[in-house]
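The values are calculated or read from the model by the stated rules, or taken from the named source; none is laboratory data. As the structure is a prediction and not an experimental result, all values here were calculated from the model. Note that each Cβ is placed from the backbone with ideal geometry, even for glycine, and that neighbours are counted across all protein chains shown.
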Amino acid sequence: MGAGSAGDGAGGSEGDHPIDGNALLKAAALASVPADRLPVLLARVQADLGPRLETYRRRYERIESAPDRETFLVEPDHWDGVGARLGFADRERDAVARAHETAVERWGSTTGRRAEFETALEIRSAVVIGIEETGE
């Protein structure tokens, strides 16, 4: 499915999320969540958000569309609701949010838009939703 995909297509597996390894490690370190725990949390988030992709497309500003993921800017407290729905502790919620934001910053660096995204992330948060590959 994407950067963190284990490639087996199984929902909820440890690697079934769209966040790349560098963003994952940075987020884990900053949020005081073990690096081996964050992929599991991200897979749970992907399993929750994946079926909501159409809602995100209608409701939020999409800033990236790639074959394996779509990225949106959302309200600053968005992750509070996601974390509550999934039963995350504060540190877990913060780590997941930071991983998504770090992924956006990294993507911005590769496209020359990092400053633009950093400014946007001062007032909003980011959500990266992996897209299931079809035709396999």
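Miscellaneous remarks
- Matching entry among L53, L41, L86, L73 (being within 20 Å of E116 (Cβ to Cβ) and modelled with pLDDT of 90 or more): L73
- Exactly one residue among D20, D8, D68 is at pLDDT 90 or above, acidic (D, E) and surrounded by fewer than 21 Cβ atoms within 10 Å (Cβ to Cβ), and that residue is D68.
- Flag if E118 is farther than 14 Å from V45 by Cα, of a type in the set (D, E) and either in contact with a Ser or Thr (Cβ under 6 Å, 6 or more places away or on another chain) or not in a helix (DSSP H, G or I) (or both): no
- T71 meets the conditions (1) β-branched (V, I, T); (2) over 17 Å from I19 (Cα atoms); (3) touching an Asp or Glu at 6+ places or on another chain (Cβ under 8 Å) in every case but one. The failed one is (2).
- Complete set of residues in segment 89-118 that are at pLDDT 90 or above and either among the basic types (K, R) or more than 12 Å from the chain's Cα centre (by Cα) (or both): A89, D90, R91, E92, R93, R98
- Checking each residue in segment 23-47 for being touching a residue at least 24 places away in the same chain (Cβ under 8 Å), exposed (fewer than 15 other Cβ atoms within 10 Å of the Cβ) and in a helix (DSSP H, G or I) picks out only L30.
- Yes/no for V33 being within 13 Å of the chain's Cα centre (by Cα) and of a type in the set (V, I, T): no
- Every pair of residues 6+ apart whose Cβ atoms lie under 6 Å, when the first sits in segment 84-96 and is of a type outside the set (D, E) while the second is not in a helix (DSSP H, G or I): R91/S32; R91/V33; A95/V33
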